1. Quickly estimate the mean residue ellipticity at 222 nm for the chain, helices only: each DSSP H run with n ≥ 4 gives -39500 (n - 2.57), and the total goes over all residues, rounded to 500.
2. Would you please state the base-10 log of I(q)/I(0) at q = 0.21 1/Å for region 7-47, with intensities from the Debye formula using one equal scatterer on every alpha carbon?
3. If I model a spin label as a point 7 Å beyond the Cα along the Cα-Cβ vector, how far apart are those points for R88 and A183 in nm?
4. When the Kirkwood hydrodynamic radius is evaluated over all pairs of different C-alpha atoms of region 60-146, what value in angstrom, to one decimal, is obtained?
5. Of the listed values (1) 186, 55, 34; (2) 90, 39, 31; (3) 68, 45, 34, identify the label whose number matches Cα extents along the principal axes in Å calculated from this model.
6. Cross-link partners among aspartates and glutamates for K220, C-alpha distance below 20 Å, same-chain residues fewer than 8 apart left out?
7. Which pairs in the list K143/K199; K61/K143; K40/K61; K143/K177; K40/K177 are over 25 Å apart, alpha-carbon to alpha-carbon?
8. For K115, go through the aspartates and glutamates and keep the ones whose alpha-carbon is under 19 Å away, minus same-chain ones fewer than eight residues off.
Amino acid sequence: MGADLDIIDRQIIHILQQDGRTPNVEIARRTGISEATVRKRLDRLVSSGIIRVTAIPDPAKVGFSTITFFTLDVDLAHVDRIADQLARLPEVRAIYYTTGECDLIVEAWFTSGDKLLRFLTQQLAAIPGIQRTATSHVLRTIKDAGRWVLPSAAPPRILVVDDDPDFVEVTRLTLTKEGYEVASAASGEEALALMRVSKPNLVILDIMMHGLLDGLRTAKEMRADGELRDIPILMVSSITDSAFAGLLPRQEELPADNFLVKPVDMSLLVSEARRLLRVGAI
């Protein structure tokens, strides 16, 4: 099973893939988290083996212009011993156990065709158990491992919970344009049912919907649910300008991470959504 990388892990990896010398302070600036958090995440990514910080030489620029792949059929009773012997040869850059028509694939670099010939006739030939060898010489490299970039994960999913279809549509268009996946619900009950099927990364939650404090009840139920309690909640409501303002708890007592008053400036909503998604990923 693959490692569970969140959006910030992927941002850090992407930055380092562009330039492995990028300092932590620059990674922090570009991801919007603290330098200490960057350091902790890098320590975890390295110690868990998810990434390795290494130098990848350009073979042509260091004199290794002859790159060859070998497919080997071997005595399977001795495949581990053969792979170990191959791994000790300095010309060998990578070895892969494979299924299909061959048992091992070996990538090796050479400074000349003569060195390749000696490798075939002297070094490979001296390893017992190799039954058949085929070679493929690389004529030109279009893309190598050093240029591979970790594919993007699915975008963060935001659930907009509001019974005002105009607000939902404007918010959906705005957040979709920012690269987020947006779902919607028109009531707290509908929202909770959706969350339990597909957990969102952020909930934008109105308060006055099918019930006067529908959103408040929904937020309390989320905080009491072990599967949902860690989802950031951004409350949005016009209740503070209504006759029901006195029913709203003080902001520090709200079961939410922040509260914005409607009508909401969309640039402020995007900025706050982005902040809460970062906080939720730390």
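Read the figures in this text as sums done on the coordinates, not as results from a lab. No experiment lies behind these values; they were computed from the predicted model shown. Don't worry about glycine lacking a Cβ; one is built from the backbone with ideal geometry, like all the others, and counts go over all protein chains shown.
1. Theoretical 222 nm ellipticity from helices: -10500 deg cm²/dmol.
2. Summing over Cα pairs of region 7-47 leads to -0.54.
3. Reported label-point gap for R88 and A183 is 5.6 nm.
4. About 13.4 Å for region 60-146.
5. Checking each listed value against the structure points to (2).
6. Of all the aspartates and glutamates, those that pass the test against K220 - Cα under 20 Å, at least 8 places apart if same chain - are D162, D163, E189, E190, D206, D230, E252, E253, D257.
7. Over 25 Å apart, Cα to Cα: K143/K199; K40/K61; K143/K177; K40/K177.
8. Output for K115: D58, E91, E107.
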